[in-house]
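Reading through the structure tokens given below for one structure.
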Amino acid sequence: MTGSFHSGVSKLDFPRLPTRVGSLRRRWHKAFRRFFPLSRYPPARSGDSLAVVDDVEALRRRASALRAEADALTETYRRATWIRFTLVFFPVPFVVVLLRLQIEAWHYFVAGGAYLLFSALLYVWDGRESDRCDAAVRAAKDAETAAAVSLNRA
């Protein structure tokens, strides 16, 4: 091991920087909730439940806001889906057709592997976006149900 990069360097040579794990975790959760308000992460605390809210009008406002957010998220998903499909399914076949006279046989295998990889990535990516839309619609439906139940009790 003479002359290697790690020769003569130990873990003790580098001081550990102090970290405030709790503070970083709270900031990360706050930022995550800001950008993904409908996600179920971190899990809701007991005070965040819709059952805690007694004011029927507040429940109706919350249901209306959640429905508007779900509709906007679904519309954004529908608009972006064709762009994602185009970005995945167009480039590889286009390059193969464009260079069909210059490429060798093994290039087709590489292109096929890239096509399958991009297809799998699209499947995962589109599935996550679809799940986000479904969660938003489910949250709006739950809020509307809670508002209707509270209205019937009043």
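Within segment 126-134, at least one residue is at pLDDT 90 or above, exposed (fewer than 11 other Cβ atoms within 10 Å of the Cβ) and within 21 Å of the chain's Cα centre (by Cα).
Residue-by-condition table, conditions (1) modelled with pLDDT of 90 or more; (2) of a type in the set (A, V, I, L, M); (3) exposed (fewer than 12 other Cβ atoms within 10 Å of the Cβ); (4) not in a loop (DSSP other than H, G, I, E, B):
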position	(1), (2), (3), (4)
Thr2	no, no, yes, no
Ser7	no, no, yes, no
Pro18	no, no, yes, no
Gly22	no, no, yes, yes
Arg33	no, no, no, yes
Arg67	yes, no, no, yes
Ala70	yes, yes, no, yes
Thr74	yes, no, no, yes
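In segment 140-149 there is at least one residue that is out of contact with any Pro (no Cβ under 6 Å at 6 or more places or on another chain), at pLDDT 90 or above and among the hydrophobic types (A, V, I, L, M, F, W, C). Pairing each residue of segment 77-102 that is part of a loop (DSSP other than H, G, I, E, B) with any residue that is surrounded by 12 or more Cβ atoms within 10 Å (Cβ to Cβ) and not hydroxyl-bearing (Ser, Thr, Tyr), provided the two are 6+ apart or on different chains, yields C-beta distances under 9 Å for Leu99/His107.
When segment 101-133 is filtered for residues that are under 25 Å from Glu75 (Cβ atoms) and either touching a Cys at 6+ places or on another chain (Cβ under 9 Å) or acidic (Asp, Glu) (or both), the ones remaining, listed by number, are Asp126, Glu129, Asp131. Within segment 135-154, the set of residues being of a type outside the set (S, T, N, Q), touching a helix residue (DSSP H, G or I) at 6+ places or on another chain (Cβ under 8 Å) and surrounded by 12 or more Cβ atoms within 10 Å (Cβ to Cβ) comprises Ala136, Val137, Ala139, Ala140, Asp142, Ala143, Glu144, Ala146, Ala147, Leu151.
The values are calculated or read from the model by the stated rules, or taken from the named source; none is laboratory data. None of these values were measured; they are calculated from a predicted model. Reconstructed Cβ throughout: ideal geometry from the backbone, glycine too, with neighbour counts over all protein chains shown.
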